[in-house]
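The values are calculated or read from the model by the stated rules, or taken from the named source; none is laboratory data. Every value quoted in this text rests on a predicted model; they were computed, and no experiment measured them. Cβ atoms come from the backbone with ideal geometry, glycine included; neighbour counts cover every protein chain shown. Quick note on the areas: whole protein, heavy atoms, side chains included, nothing else; ligands and nucleic acids left out. Shrake-Rupley method; radii C 1.70, N 1.55, O 1.52, S 1.80 Å.
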Amino acid sequence: MAGEPPKPDAKDVRQGKALMRGQILAQNSAYIPAAALAARKQYLCQAYEDGEYLKNKASKDQGPANLMADPKAMEAMMGGMKSQMMGIVPQTLIMGWIQFFFSGFILIKLPFPLGLRFKQMLQSGITTPNMDVRWVSSLSWYFLNLFGLRGVFALILGSDNSADGTRDMAAMGTMGAAGQQPGQPQDFHKQFLSLKDSLAIIYHEWDLANVEQRVLVKYGKQSRLFKSSAE
Amino acid sequence: MSSPLELLAELRQSSERRPLETLKLAAPVLNTGAAARAGDDRWLVYEQVFVAAIDDGDMDLAKTVLALLHKQFDGSQRVRRLYGMYNDAAGHPEAAKKLYDEMLAADETNVLASKRLIAQLKAQGHVAEAVGRLVEYVDTHANDFEAWLELAALYLRQHLYPQAAFCLEEVILQQPANHYFHLCYAEINYTMGCLDVALKEYLRVVELSTDNVRGFYGVKLTADRIRELRSRPKKEQPAWIGAAPQPAMLERLAQLATERLVAAYGGAGAAPKRAVEAWLSE
């Protein structure tokens, strides 16, 4: 019912890995000789600009892909919405159950007096304007305990305990939000272009420029590194 | 005293192929009940034993182990690839190829199947085709440094040194601290004649891996060769000679290399030591 996980596409993988390759080059450019870096820089900058690695080279200038047009993204959205639908049904049942059984009567009298503003909070569902605020309706008491005792449970049972009912409600909430906004599809062309810019300005500082001195120091033939490696 | 299971796990980690050792270690594990007690590890052991068995030619054992794996992981891609390997080893490459093609048709990014197809081509001697396929593979999976290494090895078989150097550079970009890759890169550069890069890379090797004998041999050879090139007339010198270290520095490096090599062979007995010293003093 929730649908198959999306089949990986070679073009997607290629896109992602090409981005990673550029990032690794930017990060580790110090470890290869200058000529190697220059060749890669030139090739990759050109390739990124041309959209060589893009999944859909032809449409690179059209901005982020229209979600409706990409069947894979559609499936991902549908999958999310389907699981959200499944989640809604039990939640609805539970809320209905609670509403039916636990509304319309008073449960508890609070030991301390409160102002009139709390009437709305503590007596939801009961329409008697004159009743003292100290009487709490069952529904309100339920919600009060649900949210109020969360902290106490966390303290006693440690976090991530199963006595926390708000977790299910939060899950329902996030499913609803996620179903509506499946997240912006990454705009690879923009990312490629920004990576191209950062690659273009790399200044090559070869890690091995003074390796001769470092080795001599390591094996005790020289006491310390000198600024100029020219001998 | 490590248990057989621990030793097998170490072999898996280093991904060395040592069929005889593996089979010897695994025999008690398989025959007694130790396998069942090993829990989920035992499937890894079975896979390891399978590969060792087909390496060794023990097809019956391979078949038994494969049946066990198939029973547990029905429909698994990993097990299917093992079936392919079995067919390859038993001499039915077409059946194996069909299986790999099926796996790729179902999922075009299946790394196991792609790699097996390339390995088949290599085993059958179609090196050029294997190179072509592998180039396609690294075009898609650019961060698989083992694939780059394999491509470098294939290029070296064809003596295509610049291409092999390119592949090693990709590997070094991904694993800059591994001295072995620097060593391979240094040797390729030495063979190509790019001695300035070779010297630096050999020095990097001995920096990363103390007293690395191959590294020091490389340092001595390149330092001597560069000194020799510098003493030649200007027009015979290669283009990069300006970037290479000065003779005094080369002298110091060669001396260091000689010293460390003699020390490395110190415990090897008189005859090897004399041979090394004789060679080094030339």
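So here's what we get for this one:
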| quantity | calculated |
| --- | --- |
| Charge tally in the Cβ shell below 11 Å around A:A30, where Lys, Arg are +1 and Asp, Glu are -1, A:A30 excluded | -2 |
| Accessible-area value, B:I241, 1.4 Å probe, nucleic acids and ligands omitted, Å² | 20 |
| 0 to 90° range, to nearest 10: angle between helix B:41-56 axis and chain B longest Cα axis | 70 |
| Simple spin-label estimate for B:A270 and A:Y43 in nanometres, 7 Å along Cα-Cβ | 5.6 |
| Averaged over A:211-220, number of beta-carbon atoms from partner chains that fall within 10 Å | 6 |
| Rg followed by Dmax, in Å, when the stretch B:1-141 is reduced to its Cα trace | 16.1, 48 |
| Probe 1.4 Å, all protein chains present, accessible-area order of A:W135, A:W206, largest first | A:W135, A:W206 |
| Inter-chain Cβ neighbour average for residues B:197-210, partner chain, 10 Å | 4 |
| Cα point-scatterer Debye curve for the protein assembly as shown, base-10 log of I(q)/I(0) at q = 0.07, 0.10 Å⁻¹ | -0.68, -1.07 |
| Per residue accessible area of the stretch B:1-105, 1.4 Å probe, in Å² | 58 |
| Over the stretch B:126-282: Kirkwood hydrodynamic radius from C-alpha pairwise inverse distances, Å | 17.1 |
| Largest-first principal axis extents of the Cα set of the stretch B:195-236 (Å) | 37, 14, 9 |
| Relative frequency of Cα-Cα separations exceeding 21 Å in the stretch B:126-207, percent | 26 |
| Accessible area of the protein assembly as shown belonging to carbon and sulfur atoms, whole % at 1.4 Å probe | 58 |
| Estimated distance in nm for a label pair at B:A123 and B:A248, the labels positioned 7 Å out from Cα along Cα-to-Cβ | 5.9 |
| FRET efficiency, 1/(1 + (r/R0)^6) with R0 56 Å, evaluated for B:H159 and B:K71 via beta carbons | 0.75 |
| Gain on full stretching of the segment that runs from B:T64 to B:D139 - 0.36 nm per residue minus C-alpha separation | 23.2 nm |
| Cα-based equivalent ellipsoid of the stretch B:78-165: semi-axis lengths in Å, sorted from largest, via gyration tensor | 23, 15, 9 |
| Ellipticity estimate at 222 nm from DSSP helix runs (n ≥ 4, -39,500 (n - 2.57)) divided over the protein assembly as shown, nearest 500 | -21500 deg cm²/dmol |
| Residues of type aspartates and glutamates that A:K7 reaches as a straight line, Cα spacing below 12 Å, ignoring anything fewer than 8 places off in the same chain | A:E75, B:D107, B:E108 |
| Largest to smallest accessible area among B:W43, A:W97 [probe 1.4 Å] | A:W97, B:W43 |
| Whether the stretch B:167-260 is rounded, prolate or oblate, judged on the alpha carbon gyration tensor where a/c under 1.5 counts as rounded | oblate |
| A/B buried area, accessible surface, summed, 1.4 Å probe, Å² | 3400 |
| Label-point separation in nm, B:D101 to B:L20, each point 7 Å along Cα→Cβ | 3.9 |
| Largest-first principal axis extents, alpha carbons of chain B, Å | 72, 46, 29 |
| Nearest-0.05 FRET efficiency for B:E146 and B:N31, computed from C-beta distance (R0 45 Å) | 0.85 |
| Cα-based equivalent ellipsoid, the stretch A:92-141: semi-axes from gyration tensor eigenvalues, Å | 22, 10, 9 |
| Using a Förster distance of 45 Å, the FRET efficiency for B:Y180-A:M78 (Cβ separation, nearest 0.05) | 0.40 |
| Occluded residues from the stretch B:126-162, i.e. those whose accessible area drops by 20 Å² or more once the chain is not alone (1.4 Å probe) | B:D139, B:T140, B:H141, B:A142, B:N143 |
